[in-house]
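Inspection log for the structure reproduced underneath, given as structure tokens.
Bear in mind that the values in this text are calculations on the coordinates, not laboratory data. In this text, all values refer to a predicted model and were calculated from it rather than measured experimentally. Cβ atoms come from the backbone with ideal geometry, glycine included; neighbour counts cover every protein chain shown.
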Amino acid sequence: RRTRNDDAKYAIGESVRRIGSIALVHETLSREAGEDVAFTEILRPLVQMVAAAVTSEERAIHFEVSGDAGTLPAQIATPMAVVLTELLQNTADHAFPADRPIPDDARVVVELEHDLDGIAIRVVDSGVGVPEGFSVETASGLGLSIVRALVTSDLGGTIDVYEPPSGTGTTVELRIPVEAIAS
């Protein structure tokens, strides 16, 4: 609270959000029997936590969750909570940059699907879109490095970034195979 360095305040805030997302999973697990958790029960408060941190009267961004990822083991739910915290934070920072006015219809939707192949999670925003030449594989920011490591290495999944069908904004799609969920 006493530091005047904006970079230090930002880094501390980022750390608090990462820790908060992990704590949310563990709190949910402690209330339920077994080691599995309905992921939507974790995701909704997680989205609210990130929304509260990145929005204000001057930066009104609407966050929404649709669909259902089903029940996930704790060893999948925990890294997915961290991944989604990072993606939501990145979306707020990059899709709706501070140096531009926020449009009235600024929104971020987290779409969940659970099928026989695994789970698909899409973070769809109505923001400025991805800069030309952007690649998840070569992105060097800490947040995307964490996302890439957790999704591809720890969960055996994939990450795709593309323009949504609406033609405005960005979609980040994560696919986690059923093998990761079952193990």
Using mean Cβ contacts within 10 Å as the protection proxy, how do 134-143, 90-99 order, highest first? 90-99, 134-143
Cα axis of helix 39-54 to longest principal axis of the chain: angle in degrees, 0 to 90, nearest 10? 10 degrees
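Would you calculate, for the chain, the mean residue ellipticity at 222 nm contributed by helices, counting each DSSP H stretch of 4 or more residues as -39,500 (n - 2.57) and dividing by all residues, to the nearest 500?
Details: 5 runs with 71 residues, N = 183.
Value at 222 nm, helices only, nearest 500: -12500 deg cm²/dmol.
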So what's the convex hull volume per residue for the Cα atoms of the chain, in Å³? 128 Å³
Can you tell me the relative contact order of the stretch 139-183? Whole percent, Cα pairs under 8 Å, sequence separation 6 or more. 30 percent
Which angle between 0 and 90 degrees, to the nearest 10, do you get for helix 74-90 versus the longest principal axis of the chain when only C-alpha atoms count? 10 degrees
Pop out the Kirkwood hydrodynamic radius of the stretch 32-119 from its pairwise C-alpha distances, inverse of mean 1/r, in Å to one decimal. 14.1 Å
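Please work out the Cα convex hull volume for the stretch 83-183 and give it in Å³ per residue.
Working: hull volume 10.4 nm³, N = 101.
Given the Cα convex hull of the stretch 83-183, per-residue volume reads 103 Å³.
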GNM on the chain, C-alpha springs below 10 Å: top fluctuator among ALA69, ALA23, ALA81? ALA23
Here P(r) for the stretch 135-181, Cα-Cα distances in 10 Å bins, as whole percents, is 25, 48, 25, 2
Tell me the angle of helix 6-31 to the major Cα principal axis of the chain, expressed in degrees between 0 and 90 and rounded to the nearest ten. 20 degrees
